[in-house]
Structure formats: structure tokens, C-alpha cells
Amino acid sequence: MATEKTVTPTEEQLEILEYNFCKVNKHPDPTTLCLIAAETGLSEEQTLKWFKQRLAEWRKSEGLPSESGSVRD
């Protein structure tokens with residue numbers, strides 16, 4: 001398994017990611033994910049990883065299971 005360098009998003013990247021998570025879609029489709037990645041300058045893999053981690057945090061804060069439990073999953 002290849003080791004991927006961990007990248008911490010900048011404040012500006014986080015603002016873009018949070019905006020898209022809260023206002024646009026918690027489950028971005030591949031096209032939207034690609035556009036968000038391009039806007040932030042992160043790779044699609046990094047962007048997807050951020051969304052997965054953020055979704056788990058959101059579910060925990062809402063008292064939902066951090067994995068699955070949604071019709072969309």
C-alpha cells in the first residue's frame with residue numbers, strides 16, 4: 001500500500017470545503033468532487049478523504065453512527 005503524504009488544508013481551502021459541505025452537498029458526486037478539488041487545489045483523493053472525515057464528525061455531532069446508516073451510503 002502506497003503511503004500518501006498527509007496534507008493539511010489551508011484556511012482558504014477549509015473555507016471552500018466547509019462551504020460545500022454545509023451549503024452544497026454532504027455527499028458530492030464525482031463531478032462536484034472534481035470541481036471542489038480543482039477550486040481548492042487539492043487532489044480528488046484528498047478532497048474525498050476530507051469529506052468522509054467531515055461527514056463522520058457531523059454524524060457524531062448529530063448522534064448518528066459515524067459509518068453508514070443513511071439511505072445514500
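Solvent-accessible area of region 11-59 (1.4 angstrom probe, protein heavy atoms only): carbon and sulfur portion equals 53 percent. Once the gyration tensor of the Cα atoms in region 11-59 is diagonalised, the equivalent ellipsoid follows with semi-axes of 15, 12, 10 Å, ordered largest first. Note on Glu12 and Ala38: the model spin-label points, each 7 Å out from Cα along the C-beta direction, lie 1.8 nm apart. Take each peptide in 47-56, 30-39, count the other Cβ atoms within 10 Å of every residue, and average; sorted highest first, the result is 47-56, 30-39. Ordered by 1.4 Å accessible area with all protein chains kept, Ser43, Ser61 run largest first as Ser61, Ser43.
The values are calculated or read from the model by the stated rules, or taken from the named source; none is laboratory data. Remember, predicted model here, so these are calculated numbers, not experimental data. Note that each Cβ is placed from the backbone with ideal geometry, even for glycine, and that neighbours are counted across all protein chains shown. Accessible surface is based on the protein model in full, side chains and every heavy atom, while ligands, DNA and RNA are left aside. Shrake-Rupley method; radii C 1.70, N 1.55, O 1.52, S 1.80 Å.
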